[in-house]
Amino acid sequence: MYDLIIIGAGPGGYVAAERAGRAGMRVALFEKENLGGVCLNEGCIPSKALLNSAKLYRHAADSKAFGVVSEGVSYDQARVIKRKNKVVRRLVAGISNQMSEAGVEVIGAQAMIIPREGDVFRVEADDLVYESRKLLIATGSEPVILPLPGIKESLGDTVITNREILDLEEIPKQLIVIGGGVIGLEMACYYQSVGSQVVVVEMLDHIAGNVDPEIGRRLQQVYEKLGMVFHLSSCVTRVEGGTVFFEKDGAGQEVSGDCILLSCGRQPVTTGFGLENLPVKTERGAILVNEQMETSCPGVYAIGDVVGGYMLAHAASREGEVAVNHMQGIEDRMSYRAIPSVIYTDPEVAGVGKTKEELDTGGCAYLEVEIPMGWSGRYQAETERGTGLCRLLLDKESKELLGCHLLTPYASEMILAFGIMIEQKMTVDAMKRTVFPHPTICEIVREALFQLG
């Protein structure tokens, strides 16, 4: 008898398993593929390995502006993929060691929930039945496959998803990206940087989803200057071979390429593991949970992409901790007040807290301060692109920070500090009294606060 069975070993599942194991719980962690889930094997980590290689290549090619002359710079995609795979293997091995040290039993098999007996939850895998007092579902998400003519027929051939795009050993001359969200933009950024002609077809009138609109516009301008083409407000109607047909402003258009990346979002995985054998409520394809990540079935918890919402690895990890704490009777709840998000383009985009649009919709009175990143000495010293932006949003009455949005190198490393400020409800005066190191890019935020007077 286990204290806890976890289905899915992504950043939510394996973190929850480690926390529970170190707390003395007997844990079984089921994973049908690889430890680390999509994030480590097909998403966050491999994409960052590729993007870093592309950044080095681009900086070498552009180094003359910084007084460094480098000639004959070339890019070896096969070697980049080989290094990416090595990084992933190393990290998967690290998670395996973590599980062993925490006393977690990892079972590499497809888990299937079967009807319970009394208060005991039961899971079947490879003809064996496992029983547990608690159950945690962390099955993640999968790419949305548009139900349009030609897409399913071309999957794995000219049409690929996030899984295949990370393993291309040849750089396509022309890449069509359907969807201008986070994954689509990062891969568009990568392949444009290493030699592809990239075209992005996006249904909305802007890129980058819920990102601050001005930051999204500036990012688009950066890549348009590098030759990337964007078709916004464009609705894809069908795919034929390497050609994408779409409608824009009432007129039919088409664009062709060697490869088509389908990047239209992700959807929770709630089928294929016996969820129907439990009285768990779902809504719009996602499992419903409370602030402790417990479902409508007592003793059953769900975390990560399967509950919808943010669909971010770091949110899933925190959700896993909340769930395990609740199982042990430790008071905790999940807060989404300050969940940071990052797009690892060059420059990076990062945001935390509320956007202007959310505050306007909610009728909240707020103060806004916007400052160009060019005011930062370090920014000027390290970049030739003057497109960076910092936007702060503060409660008009309390002067607490409500949101921070950045377009700049190192945005991914800076955003944590502002998430803490929001979570701790820091005021302008408190932030002004905080000493920032100099010269850094993040000190620009303190300067922005003084613009408020």
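Coordinate-derived values only; no laboratory data. Bear in mind the structure is a predicted one, so any value in this text is a computation, not a measurement. Cβ atoms come from the backbone with ideal geometry, glycine included; neighbour counts cover every protein chain shown.
May I ask you to give the average projected area over all directions of the convex hull of the Cα atoms of segment 151-264, in nm² rounded to one decimal?
Numbers: hull surface 26.3 nm².
Averaged projected hull area, Cα only: 6.6 nm².
What percent do you get for the relative contact order of the chain when only Cα pairs under 8 Å and 6+ apart count?
14
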If you place +1 on the Cβ of every Lys and Arg and -1 on the Cβ of every Asp and Glu, how big does the dipole about the Cα centre of segment 151-264 come out, in debye to the nearest 20?
-> 200
Segment 81-126: proportion of alpha-carbon pairs further apart than 14 angstrom, % = 68
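Can you order the peptides 107-118, 199-210 by their average number of other Cβ atoms within 10 Å per residue, highest first?
Most protected by this proxy first, the peptides run 199-210, 107-118.
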From the Cα centre of segment 102-148 to that of segment 204-259, the distance in Å is 39
Looking at the chain, do any whole DSSP H helices span at least 30 angstrom along their long axis by alpha carbon and average 1.0 or above on Kyte-Doolittle, and which?
-> none
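Could you tally the net charge around V236, taking each other residue with its Cβ under 13 Å from the Cβ of V236, Lys/Arg +1 and Asp/Glu -1?
Values: positive: R238, K248; negative: E202, E240, E247, E254.
Taking every Cβ under 13 Å from that of V236, the sum is -2.
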The Rg/Rh figure for the chain, Cα atoms and Kirkwood Rh, to two decimals is 0.98
Inter-part gap, Cα centre of segment 324-377 to Cα centre of segment 394-427, in whole angstrom, is 7
Just order 77-90, 390-403 by mean Cβ neighbour count inside 10 Å, highest at the front, would you?
-> 390-403, 77-90
For segment 341-450, go through all pairs of different Cα atoms, get the mean of 1/r, take its inverse, and jot down that Kirkwood value in Å.
-> 14.0
